[in-house]
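Read the structure below first, then the notes.
The values are calculated or read from the model by the stated rules, or taken from the named source; none is laboratory data. What you are looking at is a predicted structure, and each value in this text was computed from that prediction instead of being measured. Cβ placement follows ideal geometry from the backbone for every residue including glycine, while neighbour counts extend to all protein chains displayed. Ligands, DNA and RNA are stripped out before the accessible areas are found, and what is left, the full protein with its side chains, is counted by its heavy atoms. Shrake-Rupley method; radii C 1.70, N 1.55, O 1.52, S 1.80 Å.
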Amino acid sequence: MKIAINCGQTLNGPGSGTIGFINESLETRNVGKILVELLKNSGNEVIDCTVDKADTQNAYLSECVRLSNQQDLDYFISVHLNKTDGAKG
């Protein structure tokens, strides 16, 4: 299978994740690195669709979409560690 991994959020600035109990931007990359290794070791092709910097939140999202749409993917996984009350999914 061909799987894209997006370690959610930019590293800082627009699109960056929550900072508090954890730094979401850094921790998504830690989780993503392990996930990539597990998937590759299982025989999958893994494409990195992580975006480290963007000028705006919309630019971040657009770049994620652009990177993933360049590939013929079976799955796209975006790693996030934040929560919003009432969120689903």
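When you look at residue 81, is it open to solvent by less than 100 Å² (accessible area, probe 1.4 Å) and either touching a helix residue (DSSP H, G or I) at 6+ places or on another chain (Cβ under 6 Å) or among the hydroxyl-bearing types (Ser, Thr, Tyr) (or both), yes or no?
yes
Looking only at segment 4-20, which residues are open to solvent by 70 Å² or more (accessible area, probe 1.4 Å), in a strand (DSSP E or B) and in contact (Cβ under 8 Å) with a residue 40 or more places away in the chain?
Listed by number, the list is empty, since nothing qualifies.
Can you find a residue that is more than 12 Å from the chain's Cα centre (by Cα) and of a type outside the set (Gly, Ala, Ser) anywhere in segment 27-35?
Within segment 27-35, one or more residues are more than 12 Å from the chain's Cα centre (by Cα) and of a type outside the set (Gly, Ala, Ser).
Quick test of your reading of the structure: residue 66 fulfils all but one of (1) in a loop (DSSP other than H, G, I, E, B); (2) at pLDDT 95 or above. Name the failing condition by number.
Among (1) in a loop (DSSP other than H, G, I, E, B); (2) at pLDDT 95 or above, residue 66 violates only (1).
Yes/no per residue for (1) in a loop (DSSP other than H, G, I, E, B); (2) open to solvent by 70 Å² or more (accessible area, probe 1.4 Å); (3) β-branched (Val, Ile, Thr); (4) more than 14 Å from residue 5 (Cβ to Cβ):
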| position | (1), (2), (3), (4) |
| --- | --- |
| 34 | no, yes, yes, no |
| 43 | yes, no, no, yes |
| 58 | no, yes, no, yes |
| 76 | no, yes, no, no |
| 85 | yes, yes, no, yes |
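Which of the numbered conditions does residue 23 fail, given that it passes all the others? Conditions: (1) without any contact (Cβ under 8 Å) to a residue 24 or more places away in the chain; (2) open to solvent by 90 Å² or more (accessible area, probe 1.4 Å).
(2)
Which numbered condition trips up residue 53, out of (1) in a helix (DSSP H, G or I); (2) open to solvent by 50 Å² or more (accessible area, probe 1.4 Å); (3) in contact (Cβ under 8 Å) with a residue 24 or more places away in the chain?
Among (1) in a helix (DSSP H, G or I); (2) open to solvent by 50 Å² or more (accessible area, probe 1.4 Å); (3) in contact (Cβ under 8 Å) with a residue 24 or more places away in the chain, the lone unmet condition for residue 53 is (1).
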